[in-house]
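In what follows, a structure is listed as structure tokens, so that the remarks can point back to it.
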Amino acid sequence: VIDTFRMTGSTAVVTGAAGGLGQAFAEAIAEAGGNVVLADIDGDGVETAADEIAAETGAKTHPIEVDVTDEAAVEAMINEVIDRFGRIDAAFANAGIAPPEKSLDEYEMEDWYRVIDINLTGVWLTDLHAARVMAEQEGGGSIINTASVYGLSGLDTLAYSPAYAASNGGVVNLTRT
């Protein structure tokens, strides 16, 4: 449950917001009275989600197409949020992908890097650039990272996912740190 009192008039950015959990987070923020920036690599999808949420809630929404693995693009996203809304009160680092269905011995380096880059490095870059802004603004802000339960337990039932388990474990420990 998102606290309406604490979200009214605040601004949040949500990565991975073109669907799934990210879109649900964005909708909850909007319903609680917050401005919400929806960010995703799927530009058309995030624009549609932003339009739907604005129409349903009356909230101010803004879509941004962003590749969370590209530091310059993440920094530009954060700057765009500041230019549009003046501050960031919450950053939801949610962008992530499912793993390729390959066993450890079938994994290629490109499989490993793609999952790690999106699921872990994308979270780190979002946190880093949002935190720099939050540290300078009155009242600070909150950072929320999304990780799978497999970040705590590994994937003993899904032996085809070494990068997925590693990336989510990294997000869990990044968040703890």
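Rg/Rh for segment 39-106 stands at 1.09; both radii use Cα atoms, and Rh follows the Kirkwood definition.
The C-alpha atoms of the chain define a longest principal axis, and helix 43-57 lies at about 40 degrees to it.
Each listed q (0.08, 0.14, 0.17, 0.20 Å⁻¹) maps to a log10 I(q)/I(0) for the chain, found by the Debye formula over equal Cα scatterers with no solvent: -0.24, -0.71, -1.00, -1.28. Here r is the Cβ-Cβ distance between residue 153 and residue 42 and R0 is 35 Å; the resulting FRET efficiency, rounded to 0.05, is 0.75. Over all other residues within a Cβ to Cβ distance under 14 Å of residue 56, the charged ones net out to -3, with Lys and Arg as +1 and Asp and Glu as -1. Against the chain, whose longest principal axis comes from its Cα atoms, helix 20-31 is set at around 20 degrees.
Springs join every pair of Cα atoms under 10 Å in this Gaussian network model of the chain, and among 15, 48, 121 the largest mean-square fluctuation is at 48. Between helix 162-176 and the chain, what is the angle of the helix's C-alpha long axis to the longest principal axis, kept within 0 to 90° and rounded to the nearest 10? Value to nearest ten degrees: 40. Applying Stokes-Einstein at 20 °C and 1.002 mPa s to the Kirkwood radius of segment 1-88, computed over alpha-carbon pairs, gives a translational diffusion coefficient of 171 µm² s⁻¹. Only Cα pairs under 8 Å and 6+ residues apart enter the sum, and on that basis the relative contact order of segment 27-177 stands at 21 percent.
Take the Cβ atoms of residue 65 and residue 103, set R0 to 30 Å, and the FRET efficiency comes out at 0.30. Selection among 144, 61, 116 by position relative to the dipole of segment 57-145 gives 61 as farthest towards the positive end (Cβ unit charges, Cα centre).
Bear in mind that the values in this text are calculations on the coordinates, not laboratory data. These numbers come from a predicted model, not from an experiment. Heads up, the Cβs are rebuilt from the backbone with ideal geometry, glycines too, and the neighbour counts pull from every protein chain shown.
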